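Inspection log for the structure reproduced underneath, given as structure tokens.
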Amino acid sequence: MRIAINTRFLLKNRLEGIGTYTFELSKRLVKIFPEHEWLFFFDRNFDKKYVFSDNVKPVIISPPARHPLLWYWWFEKSIPKALKQNKADVFFSPDSYLSLHTDVPQVLAVHDLAFEFYPETIPFLVNKYYRYYIPQFCEKAQKIIAVSERTKKDIIKQYCIPNEKIAVIPNGVSSIFQPSEENIKTEIKNLYSRRQPYFLYVYAIHPRKNVISMFQVFEKFKKGQPALHTNL
């Protein structure tokens, strides 16, 4: 079987959230299923380290898709052509986008519907694109992967997608994350938090990430820890 994956977010030194999701998932898929041929669809020159094994064929598809108008062209014009030329049997898109103009079966990963609930945090044209196309993408997909039960419920409620069409597959944890030894924990506290307990925030600084609530929770946490310094 020939399985195509949208790998446009595999950018050298700039993976960010969806890029990391794409990286970790595609790296494992090609190794777990070596009997299949994998087509990686990039929208620009790529780092060879993302061609994980001999059963991966990288394909560069123009134009670089980083604007709503270019998203449309890439997914609705370029992707159908590439799927046909490469005789793909299925197309997996890990970033909530797919093509409405192909008969190739498609699997769609949806991370959240933040644009529906916090439209004010997203640029106008981007939000218009999301709200117009994401419902159609969910309808078009043969299968949807939701990263949480909350996202699955949102998709069902917002777009009336059948429950059985959506599989919940939570994000995994990279092997680089391991429990630390006590001496390492102490060293980190000494270095960054004046030997006090701390919260670690690893997301983007963006209103939709609910940063204010995190500070409110941390404030409550501090009140329950009388030994903490008031200036922490």
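Worth pointing out:
- With contacts taken as Cα pairs under 8 Å and at least 6 residues apart, the stretch 1-96 reaches a relative contact order of 37 percent.
- Among the listed pairs Lys31/Lys143; Lys165/Lys209; Lys12/Lys153; Lys57/Lys165; Lys189/Lys222, those whose Cα-Cα separation exceeds 25 Å are Lys165/Lys209; Lys12/Lys153; Lys57/Lys165.
- Put a plus charge on the Cβ of each Lys and Arg, a minus charge on the Cβ of each Asp and Glu, and nothing anywhere else: the dipole of the chain about its Cα centre is then about 380 debye.
- Overall shape of the stretch 124-232 was characterised from the C-alpha gyration tensor. The equivalent ellipsoid obtained from it has semi-axes of 39, 19, 13 Å, in decreasing order.
- Debye log10 I(q)/I(0) at q = 0.07, 0.10, 0.11, 0.13 Å⁻¹ for the chain, Cα point scatterers: -0.30, -0.58, -0.68, -0.89
- Amide N proximity, the stretch 92-132 versus Asn171 label position 7 Å along Cα-to-Cβ, cut-off under 19 Å: 93-97, 108-118, 122
- Distance from the stretch 125-174 to the stretch 193-207 (C-alpha centre basis), Å: 29 Å
- Evaluated with a Cβ-only charge set (Lys, Arg +1; Asp, Glu -1), the stretch 1-83 carries a dipole of roughly 200 debye about its Cα centre, given to the nearest 20.
- Furthest towards positive pole of dipole, Ala109, Ile188, Ile134, structure part the chain, Cβ charges: Ile188
- Computed extension length for Arg28-Tyr201: 59.6 nm, one decimal, from 0.36 nm per residue of separation with the Cα-Cα distance subtracted.
- Label zone at Thr121 (point 7 Å along Cα-to-Cβ), backbone N below 20 Å, the stretch 161-182: 171
- Pair Arg194, Phe52: separation of 7 Å Cα→Cβ label points (nm): 4.4 nm
- Here the sum of -39500 (n - 2.57) over DSSP H runs of 4 or more residues, divided by the residues of the chain, equals -11000 deg cm²/dmol at 222 nm, to the nearest 500.
- Length added when fully stretched, Asn45-Lys84, from 0.36 nm per residue minus Cα-Cα: 11.9 nm
- Rg and Dmax [Cα atoms of the stretch 1-104; Å; Rg one decimal, Dmax integer]: 12.7, 37
- The stretch 108-232: relative contact order as a whole-number percent, Cα under 8 Å and 6+ apart: 22 percent
- Candidate aspartates and glutamates for bridging to Lys140, where Cα separation is under 20 Å - those fewer than 8 sequence places away on the same chain excluded: Glu76, Asp89, Asp95, Asp103, Asp112, Glu116, Asp154, Glu164
- Relative contact order (percent, whole number), the chain, Cα cutoff 8 Å, 6+ residue spacing: 14 percent
- One chain, two ends: Thr20 and Asn210. Fully extended at 0.36 nm per residue, the span grows by 66.3 nm beyond their Cα-Cα distance.
- Per-residue packing, averaged as other Cβ atoms within 10 Å, sorts the ranges 98-108, 57-67, 27-37 into the order 98-108, 57-67, 27-37, beginning with the highest.
- Residues considered: Asp54, Asp89, Asp112. Largest GNM mean-square fluctuation over the chain, using C-alpha springs under 10 Å, is found at Asp54.
Throughout, read-outs are computed from the coordinates displayed, never taken from laboratory work. These numbers come from a predicted model, not from an experiment. Cβ coordinates were reconstructed from backbone atoms using ideal geometry, including for glycine residues, and neighbour counts include every protein chain displayed.
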